[in-house]
Amino acid sequence: MISPTAWPAEAVWEQVFPLLPDFTVEVLPEIDSSNSELMRRARAGQHEATLLVAERQTAGRGRMGRVWQSQPGDSLTFSISLSLTPKDWSGLSLAVGLSLAESLHPDVGLKWPNDLWWQDRKLGGILMEAASMGGRSQVVVGVGLNIRPRPADGLNTPPAALTELLPDLTAPACLARVAAPLIKTLLAFERGGFAPLQTRFSSRDVLKSRRVHTSDGQVGLALGVGASGALRLQTDAGVQEIHSAEVSVRPFPVEGLSP
C-alpha cells in the first residue's frame, strides 16, 4: 500500500507525458485552493498542462461557492489545467465525473451535473473553471474526493467516503487510479464531446427515473441526460431540459435511505 506521503507523481507523469509533452505534476503540502492557483497561472499566461495536488486546502471551493474542507489524508484534492478547444463544452463536467467513477468502483454513481454519489450520499465533487487569454482557452478541472469518513458539518446527511468501498485506499493510491484516465478523457472530450459517453453515464445516473426537485422550483421525473449532457425532466408542463450547472437538483428520498 502506498504511504500517505509517497505521491505517485512520477508514475502519473510517465503515463501522461506521451500525450502531453509539456505535462507537469506538482504536490503542495498546503495551498488556498488548487483551482485558484491554476486559474492565477492561466491568467498570467502559463498554459502548460499541469496536475496540481494539494495535501491541504485552506480555502477550497466547490460548485456555487460552497466551501470544500481538505485535511491531509482525509480527502484527495487536485486540479488539472489544460488548453482545450472542443467544438462544444456542454457535458464536460459529466465526462469528468464518469471518468472518475469508472476508475474508482462499479458502485460509484453520478448525480447531475457535478457530484459522485454512493448510497444517496455525496462522495466527491467537481469544479470547472475556464480562462481565456490571448485567444487561448484554458480549462481548470478541480476534483475533491472523500477518502475517509468526515463529520457532516451541519449537513443533513453525512458524506460518503471511498474507504467504505475500498477500505485500504489512501489519497495517493486514489490519485494513481484516477489521474491518467481523467486526462485521457479530457483529451477525448475535446475530439468528440459528450455524446459518445452518454450511454455509459446513463448506467451510473443516480437521478434517472426518480422524482426530483430543483433550486429554481421545478418538480418532476428525471429522464436521464441528453446527448449534450442536459438533464431531461418530465414535469406537468412537459419535458424540460436543464442546461445550467447553476441549478441544483435533489432527488426525493428513497425508502430505506437517508434524505
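When R148, R191, R177 are checked against the criterion of being in contact with a helix residue (DSSP H, G or I) (Cβ under 6 Å, 6 or more places away or on another chain), open to solvent by 10 Å² or more (accessible area, probe 1.4 Å) and more than 23 Å from T58 (Cβ to Cβ), R177 stands alone in meeting it.
So that you can scan it fast, the table gives a plain yes or no per residue for (1) surrounded by fewer than 19 Cβ atoms within 10 Å (Cβ to Cβ); (2) of a type in the set (D, E); (3) touching a residue at least 12 places away in the same chain (Cβ under 8 Å):
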position: L187; (1), (2), (3): yes, no, yes
position: S203; (1), (2), (3): yes, no, no
position: L207; (1), (2), (3): no, no, yes
position: G226; (1), (2), (3): yes, no, yes
position: L231; (1), (2), (3): no, no, yes
position: S244; (1), (2), (3): yes, no, no
position: R250; (1), (2), (3): yes, no, yes
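Does any residue of segment 238-254 turn out to be within 30 Å of P18 (Cβ to Cβ), touching a Ser or Thr at 6+ places or on another chain (Cβ under 9 Å) and part of a loop (DSSP other than H, G, I, E, B)? Looking through segment 238-254, none of the residues is within 30 Å of P18 (Cβ to Cβ), touching a Ser or Thr at 6+ places or on another chain (Cβ under 9 Å) and part of a loop (DSSP other than H, G, I, E, B). Filtering segment 49-63 to residues that are touching an Asp or Glu at 6+ places or on another chain (Cβ under 6 Å) and either of a type in the set (S, T, Y) or modelled with pLDDT under 95 (or both) leaves R56, T58, A59. Looking across segment 33-60, the residues that are more than 14 Å from G144 (Cα to Cα), assigned to a loop (DSSP other than H, G, I, E, B) and of a type in the set (A, V, I, L, M, F, W, C) come down to A44, A49. Only one of the listed residues (S99, S83, S93) is out of contact with any Lys or Arg (no Cβ under 6 Å at 6 or more places or on another chain) and under 18 Å from S34 (Cα atoms). That residue is S93. R211 meets the conditions (1) more than 14 Å from K111 (Cα to Cα); (2) open to solvent by 40 Å² or more (accessible area, probe 1.4 Å); (3) not hydroxyl-bearing (S, T, Y) in every case but one. The failed one is (1). Only one of L223, L169, L187, L233 is within 16 Å of the chain's Cα centre (by Cα), at pLDDT 95 or above and not β-branched (V, I, T); which? Sole residue among the options that is within 16 Å of the chain's Cα centre (by Cα), at pLDDT 95 or above and not β-branched (V, I, T): L187.
The values are calculated or read from the model by the stated rules, or taken from the named source; none is laboratory data. Just so it is clear, the structure is predicted and the values come from calculations on it, not from any experiment. Neighbour counts are summed over all protein chains in view; Cβ atoms, including those assigned to glycine, are modelled from backbone coordinates with ideal geometry. Heavy atoms of the whole protein, side chains included, go into the accessibility calculation; ligands, DNA and RNA do not. Shrake-Rupley method; radii C 1.70, N 1.55, O 1.52, S 1.80 Å.
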